[in-house]
Each structure stands twice: as structure tokens, then as C-alpha cells.
Amino acid sequence: MVILNETKGHESIISKLEKAQTTQHLASTHIFVGPAGIGKKRVALGMAQNLLCESREGRACGRCGSCIRVEKQQHESLLLTLPEKNQIKIDQARAILKFGHFKSLHTSSVVIIDDVELMNPQAANSLLKILEEPHQKLFFFLICNSLGRVLTTIRSRSQIWHFQPLSKNVIKELNPSYPEWILDASQGSLGAAELLTNRDNEDLRPHVFHWLKSFSTESKEKVLQEGRDLIVSKDQVLTIASLWQQMVRDAIVYKFRPEKIIHQDLAKEVSTLSIYSFEQLSKLFNLGQELETSVYRHWDMSLTTDYLIHETHKCLRGIS
Ligand SMILES: [Zn+2]
């Protein structure tokens, strides 16, 4: 398979990258920034396939041994680094250095680092030298959701590409069975659409609504327990944080344009949240953002959960 032939969206970025590749002007370090789940890693893998293809310059052939090994992510000249337990640690950075050091100067090699904002400062600093003076045929593709969370020293050594969310049409084309609320709620992210339609996560919406509602009706201990049960893994936290913000946004919108809410099929639940004041809902929205941020700042998840629940409880009970 030719990865870039099968990639939807991002045409202008791909065309600029390929032009730079064919004219030998491809920068050695790239940062791909944009919302999660829109295909940044896929474009990076597509570029790796182009660079490592045995039979062609430019767009990969998709058939040679090299192309197939990239597709399977098993190529000896491709190193894909993913966070382990929400962090990219110094050991992983050392593995990248070793990979870069021993690679041939004559054939290309590619390092893709996913969720680069989860790299701890020690690991990031250890990579600065290789990013500053990589050999000619070594290419880095660093992937992140928010540039602000990447060390300035890394940013300044990189060419930055801003990826836009996918259009509703592209998402519908990729999966025609998605209902309208998924197309709206996913906000251009195929990853979010998949999380929302995954059986477990579809069931998350009523849970998150119930939880947010329970703040004003249940004891703090009960709310705390419900929160701890909900917030378990990084993906789960990000899905909940995103649903949290959308639901609170819906509750605000419901006050004056109920027909404009994202979660139309849960209008009844939205209406129960909209009884809170505009100030309370704004504060609640910010707390949802804090939950999202906490993942990227390596905060202790259980402390964060407890703190946020305490603050939410105060906010919704009208205690300042
Ligand atoms: Zn090939």
C-alpha cells in the first residue's frame, strides 16, 4: 500500500513536503502539530515510506520490500517512539541517539516521535545535539497536539507544519455510518470519532452527564468515587475532558439556542446542566480544560482528579 495515496485530507502539506523531498530540500526535523486523531502520524509514516522506498524517488511505490516493511512499521531504518505510561523517558531518547548514530550516511533513516510533548525535559535536552547537527540523511518527524507544550529549544530547530482538523465530509467519507452527532462532536478528528463510537466510549456520555449532574445532588464522597471510576487511563481522561467541555458548552448554548447543541440526542441531559448560572458553567468549562492539560503536565492523576472534583463541587454548589 502507498500510505500517502490512502491518506485523506492534508493535501497541501503533503504536496509541500514531497516537493521539498524531490528537490532535496527536505528539512531534517519537522514538527507536525494539530488536534489528535487527524492523521499526523500517518503523514509521517507516508513520508518515511517515500524516503525509504527502494525503487523510486518521490512518492513511494508501495510494493517493494522496504515499502511493505514501513507499512508494517518494521523497517530497520525507521524508529517509531511512543510514550510509555504517559512519558517519553531518557532511555527512549538514548535509543533514538543510538539509532541516529549508527545509521548509514548514504541511505535515509527516519525517526518518528509521537506525542513529543510527553517527552520529559531530561530526554528532550539529550536530543538537542542530534537535532542541531543531524547527518544529511536522518529525518525526524515530531508529532504533537499543542506546540506550546514542546520545549522552545526543540521548536527552534524544527520546521513546523500546522495540521487542520479533517472536514466533516472527509470523516463521513471514511465512515458513512457515523450519525450526525458524532460528526459534530468529533470536531474534525477521526480518532475522536472512533473513541466516541467505540462501544465503551459511546456509553461514556450518559456517565459523564450523570457525574456532572451528581455534583449538586450527591455527597462529595460519592461524586469523588464516581470520578475515580471514570478517570482511569490517558485516552479515557482525554475523551472525558473533551466530552466535559462539549457538554458544558452545550449547556451554555442551550440557554439561548437549544437547537444548536452538539449532543442533540441527549438534549434532556443537557437541559438539566443548563440550570447552572453562566458563571458556574464558564468555571466548569475551565475545569474541563484543566483536566485535559493535566495529562500533558504529568500531574499525578489521582491528585488531579481529587482536586478537580473538589473545585467542581464548590463551583456547582455555588460556594466560592
Ligand atoms: Zn517502494
inquiry  = When a/c reaches 1.5 or more, the comparison of a/b and b/c decides; with that in mind, is segment 279-318 rounded, prolate or oblate per its Cα gyration tensor?
reply    = oblate
remark   = Note, segment 172-185: 3J(HN,Hα) by Karplus (6.51, -1.76, 1.60, θ = phi - 60°), whole Hz, Gly/Pro = x, goes 5, 5, 6, 8, x, 7, 5, x, 4, 5, 5, 4, 6, 5
key: On Cα atoms only, tilt of 121-132 relative to the major axis of the chain in degrees   = 30
request  = Report the FRET efficiency, 1/(1 + (r/R0)^6), for residue 132 and residue 89, where r is their Cβ-Cβ distance and R0 is 25 Å, rounded to 0.05.
outcome  = 0.70
query = Taking the Cα atoms only, what angle lies between the long axis of helix 40-52 and the longest principal axis of the chain, rounded to 10 degrees?
reply = 10
inquiry  = Taking amide H atoms as placed 1.01 Å from N in the peptide plane, list the residues 5 or more away in sequence, or in a different chain, whose amide H sits under 5 Å from that of residue 29.
reply    = 140, 159
query = By how many nm would the segment from residue 55 to residue 235 grow when fully extended, if each residue of separation counts as 0.36 nm and the alpha-carbon distance is taken off?
reply = 60.9 nm
message = For the chain, what does the relative contact order come out to in percent, with C-alpha contacts under 8 Å and a separation of six or more?
response = 17
inquiry  = Please list, ordered by chain and number, the residues whose modelled amide H lies under 5 Å from the amide H of residue 113; skip anything fewer than 5 residues away on the same chain.
reply    = 81, 141, 142, 143
request  = Under 1.5 on a/c is rounded, so check that first for segment 196-320, then, if it is not, pick prolate when a/b is larger than b/c and oblate when it is not; a ≥ b ≥ c are the square roots of the alpha carbon gyration tensor eigenvalues.
outcome  = oblate
task = Rounded, prolate or oblate: pick one for the chain, where a ≥ b ≥ c are the square roots of the eigenvalues of its C-alpha gyration tensor, a/c under 1.5 means rounded, and failing that, prolate if a/b is larger than b/c, else oblate.
result = prolate
note = A correct Karplus calculation of ³J(HN,Hα) over segment 112-117, with 6.51 cos²θ - 1.76 cosθ + 1.60, θ = phi - 60°, whole Hz and x for Gly and Pro, returns 10, 10, 8, 6, 4, 5
key: Diffusion coefficient, µm² s⁻¹, Stokes-Einstein with Kirkwood Rh over alpha-carbon pairs of segment 113-266 at 10 °C and 1.306 mPa s   = 86
query = Extension gain residue 8-residue 175, at 0.36 nm per residue separation less the Cα-Cα distance, in nm?
reply = 58.9 nm
remark   = The simple spin-label model distance between residue 317 and residue 260, using points 7 Å out along Cα→Cβ, in nm, is 3.4
remark   = Between the modelled labels at residue 122 and residue 293 (7 Å from Cα along Cα→Cβ) the distance in nm is 2.6
request  = For segment 70-151, run through the GluC sites (Glu not before Pro) and keep only the ones in DSSP coil with at most 15 other Cβ atoms within 10 Å of their Cβ.
outcome  = 76
request  = Would you calculate, for the chain, the mean residue ellipticity at 222 nm contributed by helices, counting each DSSP H stretch of 4 or more residues as -39,500 (n - 2.57) and dividing by all residues, to the nearest 500?
outcome  = -16500 deg cm²/dmol
query = If r is the Cβ-Cβ distance from residue 23 to residue 303 and R0 is 41 Å, what FRET efficiency results, to the nearest 0.05?
reply = 0.20
task = Would you please state the base-10 log of I(q)/I(0) at q = 0.14, 0.20 1/Å for segment 3-164, with intensities from the Debye formula using one equal scatterer on every alpha carbon?
result = -0.65, -1.43
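The numbers here are math on the coordinates, done by the rules we state, and not lab data. Computed from a predicted structure; not experimentally measured. Heads up, the Cβs are rebuilt from the backbone with ideal geometry, glycines too, and the neighbour counts pull from every protein chain shown.
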